[in-house]
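What follows is a single structure, written as C-alpha cells, with notes after it.
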Amino acid sequence: MGEQNQSDETYVPQSGLLIEVEPAESIVSLWRLKYAEQAEHGIPAHVTVLFPFIPPALIDEASMATVRKIVSNFPAFDFELTTIEQFPGVVWLRPEPDDRFRALTRELWDAFPQCPPYENRYPDPQPHLTIGQLEDPVEQAIMHTAIESELEGQLPIGCRATSLTLFVSTEKNEWTRPATFDLAE
C-alpha cells in the first residue's frame, strides 16, 4: 500500500482492500517492522488488491454490499510466495500464480471505477507482498541481499487466500479492520 509523506496533522485517512498473508507474517515481520512504515501502523503482511479504496468517510452499506457480493462469488485460491524481487524503492515477494489477484482487482475496480489501483500510477500493477521500502538504491540492494540470505531455504511459502479485508486509517495514520469478506469456498 502507499504511504503519505505528511505530518500527522495533515494526514488524510485512506482505505484499502487487502488479502492478508498470515503464513508470511512470521517470516518477514521483523523486516517489515524495520523497513515498511505500514507495518508499524497496523498493516500485516498482505497483497494489496485495491488501494486506495473509497475515502473512509464515504464508505457506506451500499459500497460494502457491492464488495461483499463480488468477493462472495470469487473462489478462494492457493498461491505461493516464490521469489524476492525489487521495484525502485521496494523489496517484495512475488505471489504465483498472480492471475487471481489481478482478476479480483479488475472486478473490484470495475465496480468502483473512481478507485483505480495505485491511482493509475502503474499501467499494470504487479501483485506483491512488500517486505521493505528504501529510497536509496544502494541501501535497497544491501537490504535485498540480506533478505535473500535470511530467507534462503524458506521459499516458496504456501498460502491460501480465503478472505479480503477492508483496512481503514485514522487521522493519526493508524489502520483498523472494520470488515472482512470471505471468498467463496
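The values are calculated or read from the model by the stated rules, or taken from the named source; none is laboratory data. Quick caveat: nothing in here was measured; it's all calculated off a predicted structure. With ideal geometry, Cβ positions are generated from the backbone for all residues, glycine too; neighbour counts draw on all protein chains shown.
So the values come out like this:
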read-out	value
Residue list for segment 77-103, restricted to those being part of a loop (DSSP other than H, G, I, E, B) and of a type in the set (Gly, Ala, Ser)	GLY89
Filter result for ILE70 (assigned to a helix (DSSP H, G or I) and without any contact (Cβ under 8 Å) to a residue 12 or more places away in the chain)	no
Considering residues of segment 12-36 that are of a type outside the set (A, V, I, L, M) and farther than 25 Å from PRO156 by Cα only, the residue surrounded by the fewest Cβ atoms within 10 Å (Cβ to Cβ)	PRO13
Long-range neighbours under 6 Å by Cβ, at least six apart or interchain, first residue farther than 17 Å from LEU93 by Cα within segment 107-133, second part of a loop (DSSP other than H, G, I, E, B)	CYS115/PHE53; PRO117/PRO125; TYR118/PRO125
Odd one out for THR66 among (1) over 30 Å from VAL138 (Cα atoms); (2) in contact with a His (Cβ under 7 Å, 6 or more places away or on another chain)	(2)
So ARG106, is it out of contact with any Leu (no Cβ under 6 Å at 6 or more places or on another chain) and not in a strand (DSSP E or B)	yes
Any pair with Cβ under 9 angstrom, 6 or more apart, that starts in segment 169-185 at a residue that is in contact (Cβ under 8 Å) with a residue 24 or more places away in the chain and farther than 16 Å from PRO44 by Cβ and ends at one that is of a type in the set (A, V, I, L, M, F, W, C) and assigned to a loop (DSSP other than H, G, I, E, B)	GLU171/VAL12; ASP182/ALA76; LEU183/PHE74; LEU183/ALA76; ALA184/PHE74; ALA184/ALA76; GLU185/ALA76
Residue within segment 53-65 that is under 18 Å from LEU166 (Cβ atoms), in contact (Cβ under 8 Å) with a residue 40 or more places away in the chain and of a type in the set (D, E, K, R) present	no
Residue within segment 117-126 that is closer than 17 Å to GLU22 by Cβ, of a type in the set (Lys, Arg) and out of contact with any Pro (no Cβ under 8 Å at 6 or more places or on another chain) present	no
Where ALA39 falls short, out of the listed (1) over 17 Å from SER15 (Cβ atoms); (2) free of Cβ contacts under 8 Å to residues at least 12 places away in the same chain; (3) in a helix (DSSP H, G or I); (4) more than 14 Å from the chain's Cα centre (by Cα)	(4)
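Condition check ((1) modelled with pLDDT under 95; (2) closer than 24 Å to CYS159 by Cα; (3) surrounded by fewer than 21 Cβ atoms within 10 Å (Cβ to Cβ)) across all residues:
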{"site": "PRO44", "(1), (2), (3)": "no, yes, yes"}
{"site": "ILE59", "(1), (2), (3)": "no, no, yes"}
{"site": "ASN73", "(1), (2), (3)": "no, yes, yes"}
{"site": "ASP78", "(1), (2), (3)": "no, yes, yes"}
{"site": "VAL91", "(1), (2), (3)": "no, yes, no"}
{"site": "ASP98", "(1), (2), (3)": "no, yes, yes"}
{"site": "PHE101", "(1), (2), (3)": "no, yes, no"}
